[in-house]
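Chemist: Please find one structure pasted underneath; my questions will follow.
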Amino acid sequence: MKTRLTDFTMAYDETGSGKPILFIHGFPLNRKMWEPQIEAFSDNMHVIAPDLRGHGETEAIPGPYEMEMLADDCHGLLEALGVTQPVVVCGLSMGGYATLAFYRKYPERAAGLILAATRAGADSEEGKANREKAAAQAQEKGVSAIIDGMLPKILAPGTYETRPELVERVREMMAETSVEGVVGAQLGMKERPDSTPLLTQIRVPTLVLHGAEDQILPPSEAEATHTAIQGSQLHILPDAGHLLNLEQPERFNRAVADFLAALV
Ligand code: MLT
């Protein structure tokens, strides 16, 4: 499905009915990464999963795509769909940065947060320089250069051996991101503020999930997030890397289902 937001057209999936849950994908991916979750949770929830600007089937517009803009886009989608009750927001990695931006801007619209394979801090100077390099590389050589750099790290080492079909699926998803999308997201992530102070202000139930073998962000990031968010829950999933929801869908879904069951 597609809807027109302020200055671009956003693609999204909307299935099921019940309490709303919004899934925000990571970089450079799209809503297809939530397939196992969309399938599992649309049985008894209203599941909404957008493609962020410049990703998947959503139009690319010039960046930088600041995390606040991504949060505004998600909020705009909820408005367009007539969702007025608070939603559980589940974001992975860049989607987690956008989830924190969503909470910063629209705390009253959040019923709960699920922060997967993400972190609260801003980029280091080195990290920012790497984002500039990646953006320039995408412009010069295309998205394939970004895929070549990220694909070997985005899953747990063992997943490359045991799930070659998943590696291929992730490669295909990455290839659906436009150059403009890669550049916009990299430059937007580079600008993102430090959300660490926000963590102590989070007043909704929060679940923190991370892969034990994440090669992009270490599990210590999740531990720090969990420590800072009062009353949060933490699950570090074994045999999972950065895309833990795809690598360990059953464990991921069980943790999410238990968390959702406890929400009133
Ligand atoms: C992601 O998976 O969304 C990205 O790796 C996040 C990042 O580059 O910081």
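Chemist: Hey, if we sort 73, 43 by accessible area with the 1.4 Å probe, largest down, what's the order? Spell out each step's value before the answer.
Modeler: Numbers: 73 10, 43 135 Å².
Largest accessible area first, the residues go 43, 73.
Chemist: Order 95-103, 113-121, 254-262 from most to least packed using the mean count of other Cβ atoms within 10 Å.
Modeler: Numbers: 95-103: 27.9, 113-121: 25.2, 254-262: 15.6.
Peptide ranking by packing, descending: 95-103, 113-121, 254-262.
Chemist: Just how many pairs of Lys in the range 2-261 have C-alpha atoms closer than 19 Å, counting pairs that are eight or more places apart or on different chains? Spell out each step's value before the answer.
Modeler: On the way: 2/32; 128/153; 128/190; 133/141; 133/153; 133/190.
Going through the range 2-261 pair by pair, I get 6.
Chemist: Which value in nm describes the separation of the simple spin-label points at residue 130 and residue 161, placed 7 Å from the Cα toward the beta carbon?
Modeler: A separation of 2.5 nm, rounded to one decimal place.
Chemist: Tell me the carbon and sulfur percent of the accessible area for the chain, rounded to whole percent, probe radius 1.4 Å. Show your work: numbers first, answer last.
Modeler: Values: 5390 of 10760 Å².
For the chain, the apolar C and S fraction of the accessible surface comes to 50 percent.
Chemist: Under 13 Å from a label point 7 Å along Cα→Cβ of residue 153: give me every residue in the range 209-247 with its amide N that close.
Modeler: Taking a point 7 Å out along Cα→Cβ of residue 153, the residues of the range 209-247 whose backbone N falls under 13 Å are 214-218, 242.
Chemist: What is the chain's relative contact order, in percent, from Cα pairs under 8 angstrom and six or more apart in sequence?
Modeler: Working: 552 pairs, mean separation 55.5, N = 264.
Taking the mean separation of contacting Cα pairs over the length of the chain, I get 21 percent.
Chemist: Only bridges with both residues in the chain count here: give the DSSP antiparallel percent, nearest 5. All intermediate terms of the calculation are to be shown ahead of the outcome.
Modeler: Numbers: 7 of 30 bridges.
Of the beta bridges lying entirely in the chain, close to 25 percent run antiparallel.
Chemist: Under a 1.4 Å probe, what is the accessible area of the chain per residue, stated in Å²? Could the numbers behind the result be given before it?
Modeler: Values: 10760 Å² over 264 residues.
Computed with neighbouring chains in place, this is 41 Å² per residue.
Chemist: Using every Cα-Cα pair within the chain, state what percent have a distance larger than 25 Å. If you can, show how the numbers build up before the last one.
Modeler: Working: 13259 of 34716 pairs.
Result for the distance tail: 38 percent.
The values are calculated or read from the model by the stated rules, or taken from the named source; none is laboratory data. As the structure is a prediction and not an experimental result, all values here were calculated from the model. Quick reminder, even Gly has a Cβ in these numbers, built from the backbone with ideal geometry, and neighbours come from all protein chains shown. Note: areas computed on protein heavy atoms with side chains; ligands, DNA, RNA excluded. Shrake-Rupley method; radii C 1.70, N 1.55, O 1.52, S 1.80 Å.
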